[in-house]
Amino acid sequence: MASARASICGLSRDDFLQKIEEFHGFTAPGLVIGGLMVDMAQELIRDNMGEGIDADAIVEARHCLPDAVQIFTPCTIGNGWLKIVDWGKFALSLYDKHVKRGYRVWFDVSKAALFPNLYNWYMKKVSKKDLPIDILLESIFEAGRDALSSRAVSILNTYSGEKKGGTDICDGCGEAYPVVQGSVCLSCRGESYFELS
Ligand code: ZN
């Protein structure tokens with residue numbers, strides 16, 4: 001079968017699944033798909049742009065996809081090589097940060113429709129109880145890249161550029177903050193996520 005691959009992100013299927021469980025706490029189906037998406041984007045970059053490219057990543061959903069990138073690439077939120085745009089779309093791009101070109105890979109629902117268990121899970125048409133994880137995983141691996149689509153993309157500066165300004169001491173709280181936030185920090189401007197108890 002065309003979609004049955006010897007390795008995913010350089011790992012056997014068992015090791016691939018084990019890494020997901022170790023990092024994420026459980027074998028989240030979305031993270032398994034995310035790993036397949038990372039694998040595909042990495043291969044597209046390797047085949048079309050050359051070996052040894054350190055790709056940066058942008059993911060388009062908060063759930064699962066950030067962990068797929070953090071497990072299977074050197075990119076993390078903390079090192080700044082992974083960015084999240086909160087669009088709730090199951091898509092990601094890996095790109096060469098120097099030329100700002102790469103590949104966007106997305107979960108293609110029209111293709112996934114050929115795999116009923118996968119499709120019904122993704123479209124929330126079936127409960128967890130009625131679709132055991134083992135069955136769903138089989139459907140995910142059976143589909144593989146046949147449920148994904150890809151396009152070459154150029155990344156716009158808005159997303160690829162680092163915007164690091166200066167640091168100052170906030171007049172309100174006395175803590176260091178990025179001056180780009182204004183004369184006082186965001187927290188003191190009333191946009192805090194906490195209050196003192
Ligand atoms: Zn402040």
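The values are calculated or read from the model by the stated rules, or taken from the named source; none is laboratory data. Treat the numbers as computed from the prediction; the structure is a model and nothing was measured. Reconstructed Cβ throughout: ideal geometry from the backbone, glycine too, with neighbour counts over all protein chains shown. Just the protein is used for accessible areas: all its heavy atoms, side chains included, with ligands, DNA and RNA removed. Shrake-Rupley method; radii C 1.70, N 1.55, O 1.52, S 1.80 Å.
Please work out if residue 153 is closer than 21 Å to residue 62 by Cβ, among the aliphatic types (A, V, I, L, M) and surrounded by 13 or more Cβ atoms within 10 Å (Cβ to Cβ).
Details: closer than 21 Å to residue 62 by Cβ: yes; among the aliphatic types (A, V, I, L, M): yes; surrounded by 13 or more Cβ atoms within 10 Å (Cβ to Cβ): yes.
Here the answer is yes, as residue 153 does meet what is asked.
Test residue 110 against the stated conditions and say whether it is open to solvent by less than 50 Å² (accessible area, probe 1.4 Å) and either assigned by TED's automatic domain parsing to the domain that holds residue 17 or hydrophobic (A, V, I, L, M, F, W, C) (or both).
Details: open to solvent by less than 50 Å² (accessible area, probe 1.4 Å): no; either assigned by TED's automatic domain parsing to the domain that holds residue 17 or hydrophobic (A, V, I, L, M, F, W, C) (or both): yes.
So residue 110 does not fit the description; no.
For segment 115-161, give me each residue that is assigned to a helix (DSSP H, G or I) and touching a strand residue (DSSP E or B) at 6+ places or on another chain (Cβ under 8 Å).
122, 147, 159, 160
Each row is one residue, and each column tells you yes or no for (1) under 14 Å from residue 34 (Cα atoms); (2) within 16 Å of the ligand (Cβ to nearest atom); (3) touching a residue at least 40 places away in the same chain (Cβ under 8 Å); (4) touching a helix residue (DSSP H, G or I) at 6+ places or on another chain (Cβ under 7 Å).
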position: 71; (1), (2), (3), (4): yes, no, yes, yes
position: 83; (1), (2), (3), (4): no, no, yes, yes
position: 106; (1), (2), (3), (4): yes, no, yes, no
position: 152; (1), (2), (3), (4): no, no, yes, no
position: 155; (1), (2), (3), (4): no, no, yes, no
position: 168; (1), (2), (3), (4): no, yes, no, yes
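Considering only segment 21-58, how many residues are in contact with a Ser or Thr (Cβ under 8 Å, 6 or more places away or on another chain) and buried (at least 16 other Cβ atoms within 10 Å of the Cβ)?
Initial filter on segment 21-58 (in contact with a Ser or Thr (Cβ under 8 Å, 6 or more places away or on another chain)): 21, 38, 40-42, 44, 55-58.
Remaining after also requiring buried (at least 16 other Cβ atoms within 10 Å of the Cβ): 38, 40-42, 44, 55-58.
Within segment 21-58, residues that are in contact with a Ser or Thr (Cβ under 8 Å, 6 or more places away or on another chain) and buried (at least 16 other Cβ atoms within 10 Å of the Cβ) number 9.
Scanning for something away from the ligand (no atom under 16 Å from the Cβ), in the same structural domain as residue 58 (by TED's automatic domain parsing) and open to solvent by 100 Å² or more (accessible area, probe 1.4 Å), does segment 135-143 turn up at least one residue?
Checking segment 135-143: at least one residue is away from the ligand (no atom under 16 Å from the Cβ), in the same structural domain as residue 58 (by TED's automatic domain parsing) and open to solvent by 100 Å² or more (accessible area, probe 1.4 Å).
Within segment 13-27, work out how many residues are polar (S, T, N, Q) and touching a residue at least 12 places away in the same chain (Cβ under 8 Å).
Filtering segment 13-27 for residues polar (S, T, N, Q) gives 18, 27.
Subset that is touching a residue at least 12 places away in the same chain (Cβ under 8 Å): 27.
Selection size over segment 13-27: 1.
When residue 46 is evaluated against the numbered criteria (1) under 12 Å from the mean Cα position of the chain (by Cα); (2) free of Cβ contacts under 8 Å to residues at least 12 places away in the same chain, which criterion, by number, is the only one it fails?
Residue 46 satisfies every listed condition except (1).
Could you go through segment 188-196 and let me know if any residue there is open to solvent by 70 Å² or more (accessible area, probe 1.4 Å), modelled with pLDDT under 95, hydrophobic (A, V, I, L, M, F, W, C) and within 16 Å of the ligand (Cβ to nearest atom). Walk me through how you get there before you give the answer.
Narrowing segment 188-196 to residues open to solvent by 70 Å² or more (accessible area, probe 1.4 Å): 189, 191, 193-196.
From what is left, the residues that are modelled with pLDDT under 95 are 189, 191, 193-196.
Next, from what is left, pick out any that are hydrophobic (A, V, I, L, M, F, W, C): 194, 196.
Among the residues that remain, those that are also within 16 Å of the ligand (Cβ to nearest atom) are: 194, 196.
Checked segment 188-196: at least one residue is open to solvent by 70 Å² or more (accessible area, probe 1.4 Å), modelled with pLDDT under 95, hydrophobic (A, V, I, L, M, F, W, C) and within 16 Å of the ligand (Cβ to nearest atom).
Give 88, 78 a once-over and let me know the one that is without any contact (Cβ under 8 Å) to a residue 12 or more places away in the chain and part of a loop (DSSP other than H, G, I, E, B). Give the steps one after another, and end with the answer.
On the way: 88 fails: without any contact (Cβ under 8 Å) to a residue 12 or more places away in the chain.
Just a single option satisfies the conditions, and that option is 78.
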